[in-house]
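The next block holds one structure in the form of structure tokens; read it before the comments.
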Protein chains: 2
Amino acid sequence: MPSARTRPDPHDPHDPHDSHDSHGRGLAAPHAWAVREGPLDPERLAQVESLFTLSNGRCGVRGSLEEGDPHGTPGTYLSGAFELWPLTYPEYSYGYPTVQERLVPVLDPTRVELLVAGEPLDVRTGELTEHERVLDLRSGTLHRHLRWTSPAGHRVVVGSQRLVPLERPGLVALEYTVRADGAPVDVEVRSAVLASEHLHEAVADTGSGAEHHGGRLRQRTDGSGLAVAAHVEHDVLAPATADVRSHALPDRVVTTVRTRLEAGELLRLRKVVSLGWAPQFERDDLGTRLAGLLADGVRTGWEGLVREQRAVLDDFWAHADVEVDGDDDLQQAARFALFHVFQAAAQGTDRGIPAKGLTGTGYDGHTFWDTEVFVLPVLNHVWPQAAAEALRWRHHMLPAARERARELGLAGASFPWRTITGRESSGYWPAGTAAVHLGADVADAAVRHLHATGDEELAREALVDLVVETARTWVVLGREDSDGRFHVDGVTGPDEYSALVDDNAYTNLMAQANLRSAVELTKRFPAQAEALGVDDAELAEFTRLADAVHLPRDPATGVPAQDGGARQRKRWDFAGTRPDQYPLADSFPYFSLYRRQVVKQADLVLALYLRPEAFTWEEKRDAFEHAEGVTVRDSSLSAAVQAVVAAEVGHLGLAAEYVHEAAFVDLHDLRGKTADGLHIASLAGAWLALVAGYGGMRDGGGELSFAPRLPDGLSGLRFRTRHRGSCLEVRVHGDRADYRLLDGGPVHLRHHGREFTIARDEPVTLPVPSLDPEVVARPRPEQPAHRGPRRRR
Amino acid sequence: MPSARTRPDPHDPHDPHDSHDSHGRGLAAPHAWAVREGPLDPERLAQVESLFTLSNGRCGVRGSLEEGDPHGTPGTYLSGAFELWPLTYPEYSYGYPTVQERLVPVLDPTRVELLVAGEPLDVRTGELTEHERVLDLRSGTLHRHLRWTSPAGHRVVVGSQRLVPLERPGLVALEYTVRADGAPVDVEVRSAVLASEHLHEAVADTGSGAEHHGGRLRQRTDGSGLAVAAHVEHDVLAPATADVRSHALPDRVVTTVRTRLEAGELLRLRKVVSLGWAPQFERDDLGTRLAGLLADGVRTGWEGLVREQRAVLDDFWAHADVEVDGDDDLQQAARFALFHVFQAAAQGTDRGIPAKGLTGTGYDGHTFWDTEVFVLPVLNHVWPQAAAEALRWRHHMLPAARERARELGLAGASFPWRTITGRESSGYWPAGTAAVHLGADVADAAVRHLHATGDEELAREALVDLVVETARTWVVLGREDSDGRFHVDGVTGPDEYSALVDDNAYTNLMAQANLRSAVELTKRFPAQAEALGVDDAELAEFTRLADAVHLPRDPATGVPAQDGGARQRKRWDFAGTRPDQYPLADSFPYFSLYRRQVVKQADLVLALYLRPEAFTWEEKRDAFEHAEGVTVRDSSLSAAVQAVVAAEVGHLGLAAEYVHEAAFVDLHDLRGKTADGLHIASLAGAWLALVAGYGGMRDGGGELSFAPRLPDGLSGLRFRTRHRGSCLEVRVHGDRADYRLLDGGPVHLRHHGREFTIARDEPVTLPVPSLDPEVVARPRPEQPAHRGPRRRR
């Protein structure tokens, strides 16, 4: 927790009030619109690199120091710049993938080395009297300021700013300033683009024309056959006597500025880099493209790029901002989370949104199901065009998914568990291929997107295909019993501590929705249905199977169960498990975990959220409370969902703790894995936890409904959300909720079940019903020992 | 099928009558006591190498040609001479083994090259007018005879004989003769011991002393730290002018004989080789040991070794022979099967009996559960000392199994699924670690051995430990439900086309027997119980759990089911599966197989056989008939068990076909894998199919019972079996069965439920009751399309 202090000026992220008010975890006290690093912590370099990543979804640049050392795990990534690795198995079986795609770090555009009277700037030498870095969530820039005295006693003030333009894929811009502090000094600045150790055969040159200060560098991948290149140009503001020159070395292109600075005099270098990849055989086109991109960037200039970036973010926040009254930490975390979700998705890419965005190589840069289940439902309401692009990406991999379905003996399309281009890259099928819910998750995201946006053009282009081809898998995957009930045997649900179970409730209910959506969409888009070869018999089968879907229940109590055998299994020995034995999969074999009642992450509880109409309120409460007792949250894909359902069933205090766990996952490194990259789905989950949890928002079936209710300790919540071209704002404060249309046409809504409509200049204020005293009195559910909601550290 | 011919002399395996009467599969027509190769088939060299392997359980020598080329996959193996390989996984998880043991081919003692007037003997050149190899099942020798004209027109007759002494571990002997055929010729014979390409750093020398014709060669393994060596000595009978010398090359020691042979004159070379391994640091001791072993062998001489070998086999056949009247092919196959089972086990080793014996590197030389379930129950009755040694081997690995149980969070001991020294070498846990029945299988083998032999000394030394430590695993693995029923969830039974199921019937019933045996044995051997820390509370728990074991049933019919969900699963689409898609695991993912009703190998049916008292006869019949419809026998561990149970439930015609499939697995290469080594468990199964199937022998609970009944087409069956130091003979012919004691004290028996006793000179003849006409009339169960019993090819 931050120490007591005066509240900072919320409009100035560089407000000196808290610049030395160090936060326990190395971050400064929370600012509403910025994240500021406290004193440089050598132990946390990699974690802070992740937090300070700038990205636009096509290019991600980790927040490493310009001078290169000290460093954590620096890296710049391009969406789709991947390498192939062989996958080998001790006992290979049919259908196992034999190569894996992995995101690789590409050329480094950030390097700027500084020599002060011949001595290299290194924060570990000399005397660092000031050092601060600030990620500004409104300007989309990363700022750095430092004051350093070299070992020989020369003093400089150095500043940098960088940005990855949200609307210019492939561009990176960096401003670097050096000022002589109190006395004249000779300085040399070497600004470079560096080759990647993970790529091959660097070819560097400085280009032609004496007016340029820059050059270009190209490399290639080995197995995946890609050319990866960067072009760079510098704008230098320096004393007239400065010597500026560019040269190429085998592994870099460097622009060097040598000059003497008088006391207080400034040297400023502005660097623009264009980065990209293409198939090797298109490497010449790539060069042309990067040259054009760079020329555009140079023409726009640093100030222009800064202005553009701010404008994009102003637009974003105008439709997406969430305000939390009464919890400054949460306020900051909520905006930090949304900022990174936006960054991960902003530039529609044709490569999906990886689990870590482009903030690190965790999970090898793969995209999983959580993009559809956690990220797209947020984007649908705050930046729907990004969700559309992510769905187009899924659609692009449909041919590969159809081929994979054939290989597996299924019908329709079987999307890969983890992938970059569409190729299955999972090497453990019980938690990969067997997790067939992924198909239904994709369909669910497609349908939610259509409901949220009304984008019929995208439906014709992609969404109907996605929904129908995934629906077709269930016909083969499932089984009708002698009573006509429909079951799905031997599959793995979201919970990775059980596998190959019969009748996973989440899978069954998502399959049901998938089948029904296929029927609805083919009726609504008959041309697409015809192109897909859907006939009446197939639709009748979809309907029959959907209506017959079996929901497993605890035989003793009748409460919905995670799967057919879930409630009968032996309970995990939580009392006998030490805190250091978590995550359990690091200390126990899957063999033991699968046989017990122990849940890694929201599974049935996720179904309670995504298929709310399939349960009564009491069923939700009972199922949630039981799940709490066996859920250990060894996954980051859990706390947000638990928050949402806890809020729905009246456990608001518990919901508040899960909101925090979701929102602070990276700012407080709650999983110890932030160094590998941010948990984008958990960050998206923070928005879900606030909006679907406290706000009670549900968007199933094309209707938007709310059931806001705040926990103790929060005095107000305001959020904005888009719906079919309109944008509305919901303010919850105490016992009232205000609904206001910000733009677009009237929107029909529900508030705690009551229907109403808001229109321009016709806000609606409605009372928030108080919780039933019996609900309030219900004891807070217990979690397994040591596995209660994680506190900020 | 063999073509029509006169019946050969059963006493002379070299009977010329059928020497050119080639069998369709490259083997000559069946001889009762020999297997003879027809014309050399270049396509079947590897398969015949497996069939003609000589072994004593410590050393195995594949039946390759002495001259080295052409060859299939030649190899000489020493039990326990293994190499270590890293196991890598795309997604490693807790408890996965990271190294694997693999049997490696050691030094080759068989090489003899012949130069005829300077031209090397190669059966692919010149003219091969005669070529025959014969495996003699009574002498335990492999004979070869060939008549060859070199490309230059020189004619020779060459013979070889080899043996691997059944009672001299580490010794190999080979006699090689060359005769000038019709005209004089210069010959040069080079007899060598060759280094293995799979081993490192060969060190060769010829030893000291002019009287020797031989030398020694040593190598080492890389990861497993073993020294592997061979010593060789030759006895040469040659014209007085012959030049005999030995020399060492970097990769071999060679003894060369050069001489001129007059027409009809003979050159004979007798080679004795001792082979062995030891830890690297004991390599000097190894040399001393091998020198001694060799000296003994040389002293005994070729004729002495041949006599010894015959004596051992006479003793073996006197107690183990099976005679089948009316099917010459089956007669040969039954003896071939028993011979190889004996060879695989004859020399009690401290390394277990691998799935392929020492006949090839299939399954990397690993020992699995089938040793205990298929091989030891045969050895108990035909060569019990070998079964005792195999059980001692399991006992030696108890410390490793206890450690593995701790690692997996289990109690007691968890034996590895596949291993050489006791280290888990399985790289796919759902069909390895999860196949926990292995523990109960070991216990079952231990108890059957005690019942069959009455060996209380071994019980005190090893068997009680094995039974109690395996029993302890069930307490942790299982679960008591609210009704007090005991279940084992999430495990894999014998059927490898289902995995991680709840309540596998075989596992549950074997666990029940294991628990009960632990109670019985600890009461009978209290000192061992005390040493194991068994107390009354633990025994009470064993008893309670055993009594509560749940037997799953088909909910619709009440018939026992393979597992809790087996009968509910969707049936595999057998009609839609092409013959070339078998084995299914080569054409479909485990994901699809596990979710369907399709059985790779006897599982519930194995339980019907091993736990006969747990079912009524009608339950057995119904469960067997259902299993027939879904069992595809993609494993060799199935036909024999199906034969046994088919016979018990009255499907004698079907039983006869399964007997054939089990017995001919290798002679007819029914699985296409004989080249990798013989299927020792299936060969043992051939004995079980005859004795437990047609003979109806059961040996559970310490009682020996029979229920003989022959299928149509078989006029008689005679087998011998040992029981607690006695040996009896059972003759079944038509409607009578004769029981006769061959040696030992009186034995109490049952015949079709009727109790009786046989004693010396007091044979008993009893009528075989005819089958109930209703049973006879019952339709033969259908197998999946294309998966009926395999016919000899």
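The values are calculated or read from the model by the stated rules, or taken from the named source; none is laboratory data. Please read these numbers as outputs of a predicted model, since none were measured by experiment. FYI the Cβ positions are ideal-geometry reconstructions off the backbone, even for glycines, and counts take in every protein chain you see.
Here are some notes:
- Answer residue from segment A:127-156, given it is of a type in the set (A, V, I, L, M) and over 19 Å from the mean Cα position of the chain (by Cα) and is surrounded by the most Cβ atoms within 10 Å (Cβ to Cβ) among those: A:Val156
To keep it simple, each residue is scored yes or no on (1) surrounded by fewer than 22 Cβ atoms within 10 Å (Cβ to Cβ); (2) more than 9 Å from chain B (Cβ to nearest Cβ); (3) in contact with a strand residue (DSSP E or B) (Cβ under 6 Å, 6 or more places away or on another chain).
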{"residue": "A:Gly432", "(1), (2), (3)": "no, no, no"}
{"residue": "A:His451", "(1), (2), (3)": "yes, yes, no"}
{"residue": "A:Val464", "(1), (2), (3)": "no, yes, no"}
{"residue": "A:Val467", "(1), (2), (3)": "no, yes, no"}
{"residue": "A:Ala471", "(1), (2), (3)": "no, yes, no"}
{"residue": "A:Val488", "(1), (2), (3)": "no, no, yes"}
{"residue": "A:Val491", "(1), (2), (3)": "no, no, no"}
{"residue": "A:Glu496", "(1), (2), (3)": "no, yes, no"}
{"residue": "A:Ala499", "(1), (2), (3)": "no, no, no"}
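- For segment A:118-174, filtering for residues that are small (Gly, Ala, Ser), on the phi < 0 side of the Ramachandran plot and without any contact (Cβ under 8 Å) to a residue 40 or more places away in the chain leaves 3.
- Unmet requirement for A:Gly214, which otherwise passes all of (1) closer than 25 Å to A:His143 by Cα; (2) at pLDDT 95 or above: (2)
- Residue ID - farthest from B:Ser592 (Cα to Cα), chosen from residues in segment B:499-536 that are among the aliphatic types (A, V, I, L, M) and over 31 Å from the mean Cα position of the chain (by Cα): B:Ala527
- Test: residue in segment B:239-246 that is surrounded by fewer than 16 Cβ atoms within 10 Å (Cβ to Cβ), more than 37 Å from the chain's Cα centre (by Cα), of a type outside the set (A, V, I, L, M, F, W, C) and part of a strand (DSSP E or B): yes
- Highlighted here are the strands (runs of 3 or more DSSP E) found entirely within segment B:77-181 that include at least 2 residues which are within 30 Å of B:Val341 (Cα to Cα) and charged (D, E, K, R): B:99-103, B:127-136.
- Scoring A:Thr359 on the criteria (1) of a type in the set (Val, Ile, Thr); (2) crowded, with 24+ Cβ neighbours inside 10 Å; (3) assigned by TED's automatic domain parsing to the domain that holds A:Gly214 leaves a single failure, condition (3).
- Inclusion of B:Arg754 among residues that are exposed (fewer than 15 other Cβ atoms within 10 Å of the Cβ) and either modelled with pLDDT of 95 or more or of a type in the set (Phe, Trp, Tyr) (or both) is warranted.
- Residues (assigned to a loop (DSSP other than H, G, I, E, B) and in contact with a His (Cβ under 9 Å, 6 or more places away or on another chain)) located in segment B:352-377: B:Gly352, B:Pro354, B:Ala355, B:Lys356, B:Gly357, B:Thr359, B:Trp369
- Test: A:Val228 is β-branched (Val, Ile, Thr), surrounded by 18 or more Cβ atoms within 10 Å (Cβ to Cβ), more than 12 Å from A:Asp251 (Cα to Cα) and at pLDDT 95 or above: yes
- All positions within segment A:90-99 that are at the interface with chain B (Cβ under 7 Å from one of its Cβ atoms) and not small (Gly, Ala, Ser): A:Pro90, A:Glu91, A:Tyr94
- Scoring B:Asp314 on the criteria (1) over 30 Å from A:Trp572 (Cβ atoms); (2) modelled with pLDDT of 95 or more; (3) not assigned by TED's automatic domain parsing to the domain that holds B:Leu226 leaves a single failure, condition (3).
- Residues in segment A:413-430 that are among the polar types (S, T, N, Q) and surrounded by fewer than 24 Cβ atoms within 10 Å (Cβ to Cβ) were compared, and the one that is nearest to the other protein chains (Cβ to nearest Cβ) is A:Ser426.
- Unique residue being in contact (Cβ under 8 Å) with a residue 24 or more places away in the chain and either assigned to a loop (DSSP other than H, G, I, E, B) or buried (at least 20 other Cβ atoms within 10 Å of the Cβ) (or both) when the list is B:Gly301, B:Gly215, B:Gly287: B:Gly215
- Filter result (in a helix (DSSP H, G or I) and either more than 19 Å from B:Thr98 (Cβ to Cβ) or more than 10 Å from chain A (Cβ to nearest Cβ) (or both)) within segment B:395-412: B:His395, B:His396, B:Leu398, B:Pro399, B:Ala400, B:Ala401, B:Arg402, B:Glu403, B:Arg404, B:Ala405, B:Arg406
- When segment B:409-419 is filtered for residues that are at pLDDT 95 or above and at negative phi, the ones remaining, listed by number, are B:Ala411, B:Ala413, B:Ser414, B:Phe415, B:Pro416, B:Trp417, B:Arg418, B:Thr419.
- Within segment B:606-639, considering residues that are free of Cβ contacts under 8 Å to residues at least 40 places away in the same chain and outside any helix (DSSP H, G or I), the one nearest to the chain's Cα centre (by Cα): B:Ser638
- Members of segment B:72-96 found to be within 20 Å of B:Leu226 (Cβ to Cβ), over 26 Å from the mean Cα position of the chain (by Cα) and buried (at least 19 other Cβ atoms within 10 Å of the Cβ), listed by number: B:Leu87
- Checking each residue in segment B:579-589 for being assigned to a helix (DSSP H, G or I), at the interface with chain A (Cβ under 7 Å from one of its Cβ atoms) and either under 21 Å from A:Arg485 (Cβ atoms) or out of contact with any Leu (no Cβ under 7 Å at 6 or more places or on another chain) (or both) picks out only B:Asp586.
- Residue among B:Ala681, B:Ala656, B:Ala686 that is assigned to a helix (DSSP H, G or I), over 16 Å from B:Asp325 (Cα atoms) and among the hydrophobic types (A, V, I, L, M, F, W, C): B:Ala681
- B:Ser592 meets each of the listed conditions (1) more than 10 Å from chain A (Cβ to nearest Cβ); (2) at pLDDT 95 or above; (3) part of a helix (DSSP H, G or I) apart from (1).
- Filter result for B:Ala566 (hydrophobic (A, V, I, L, M, F, W, C) and surrounded by 19 or more Cβ atoms within 10 Å (Cβ to Cβ)): yes
- Residue among A:Glu197, A:Glu201 that alone is in the same structural domain as A:Val116 (by TED's automatic domain parsing) and not in a strand (DSSP E or B): A:Glu197
- For segment B:97-125, the tally of residues that are over 30 Å from A:Gly427 (Cα atoms) and either among the aromatic types (Phe, Trp, Tyr) or under 27 Å from the mean Cα position of the chain (by Cα) (or both) stands at 7.
- Reported count of residues in segment A:434-445, each being in contact with a Phe, Trp or Tyr (Cβ under 6 Å, 6 or more places away or on another chain) and within 9 Å of another protein chain (Cβ to nearest Cβ), is 1.
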